[in-house]
Amino acid sequence: MGAMRILIVEDELKVATALQEGLEGEGFDATVAHTGEDAFFRLSTEVFDVILLDLTLPGRDGLQILKAFRGRGVQTPVLVITARDTLDDRLTGLDSGADDYLVKPFAFPELLARIRVLLRRGRAGEPAKMTLADLSLDMVTRKVTRGERPLDLTLREFDLLAYLLRHAGQLVSRGMLARDVWKEEARATPLDNVIDVHMTRLRRKVDGDAATRLIHTVRGVGFVLREGPP
Ligand code: CA
């Protein structure tokens, strides 16, 4: 498995660079987005394991951005970083969409500890039930439904759909599917064809004659599970 990927959303260049260098020194793969728009762009083309989100950003503030992430189905754990004077009830409330928050100034080891907790939780504490629009998948009972209609999926199709739901709203490449669903490190072209065949069958079952398509192909790149256009 490659390095864990962290997206740092912070407009202050010095702070962003210090965080990036610190995290890379710890073996993480850290990317900086200086604005909310930049963060959205990154999230629509890449997958991250944790997002560090500073609340004070130009334009839309961090909480609005967080709300928009969640609205688009991005389920990546978010650690909000905030100055004490911008810490408010909206953030500490359960509906903000933040998984944790850290008040500035903080010690770097504290940040690392929080990130590690989120990474562990992200894998172990995955919700039993994942939903997008009227699609619902239960990891425990392995029941999948679209609206009222139960879907009869093969084991592989179930794993594929669970992976897409886990990365809802984000671009999933064939390389990621080969590595994480097929568990093949060295990716070969024939596997791409196998992935496409499974994806075609899965799409037929999930989207079939539904009014809204959820599985979209991004030509030459991969797939995205999303309500509405890709
Ligand atoms: Ca800032």
Checking the structure you have, find out if any residue of the stretch 11-21 is within 15 Å of the ligand (Cβ to nearest atom), basic (Lys, Arg) and in contact (Cβ under 8 Å) with a residue 24 or more places away in the chain. no
Please enumerate the residues belonging to the stretch 37-47 that are touching a residue at least 12 places away in the same chain (Cβ under 8 Å) and either touching a helix residue (DSSP H, G or I) at 6+ places or on another chain (Cβ under 8 Å) or more than 16 Å from the ligand (Cβ to nearest atom) (or both). 39, 40, 42, 43, 44, 45, 46, 47
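Tally the residues that are modelled with pLDDT under 90 and either within 15 Å of the chain's Cα centre (by Cα) or more than 19 Å from residue 194 (Cβ to Cβ) (or both), restricting the search to the stretch 220-230. Explain how you work it out, then say what you get.
So the first thing to find is which residues in the stretch 220-230 are modelled with pLDDT under 90, and the list is 220-221, 227-230.
Pick out the ones that are also either within 15 Å of the chain's Cα centre (by Cα) or more than 19 Å from residue 194 (Cβ to Cβ) (or both) and you get 227-230.
Matching residues across the stretch 220-230 total 4.
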Strands (runs of 3 or more DSSP E) fully within the stretch 139-204 counting 3 or more residues that are under 21 Å from the mean Cα position of the chain (by Cα) and either at pLDDT below 95 or not assigned by TED's automatic domain parsing to the domain that holds residue 39 (or both): 171-173
Identify, by number, the condition in (1) surrounded by 20 or more Cβ atoms within 10 Å (Cβ to Cβ); (2) within 16 Å of the ligand (Cβ to nearest atom) that residue 34 doesn't meet. (1)
Name every residue in the stretch 48-82 that is among the hydrophobic types (A, V, I, L, M, F, W, C), more than 14 Å from the ligand (Cβ to nearest atom) and in contact with a Lys or Arg (Cβ under 7 Å, 6 or more places away or on another chain), in order of residue number. 48, 79
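The values are calculated or read from the model by the stated rules, or taken from the named source; none is laboratory data. Every value quoted in this text rests on a predicted model; they were computed, and no experiment measured them. All Cβ positions, glycine included, derive from the backbone under ideal geometry; neighbour counts span all protein chains shown.
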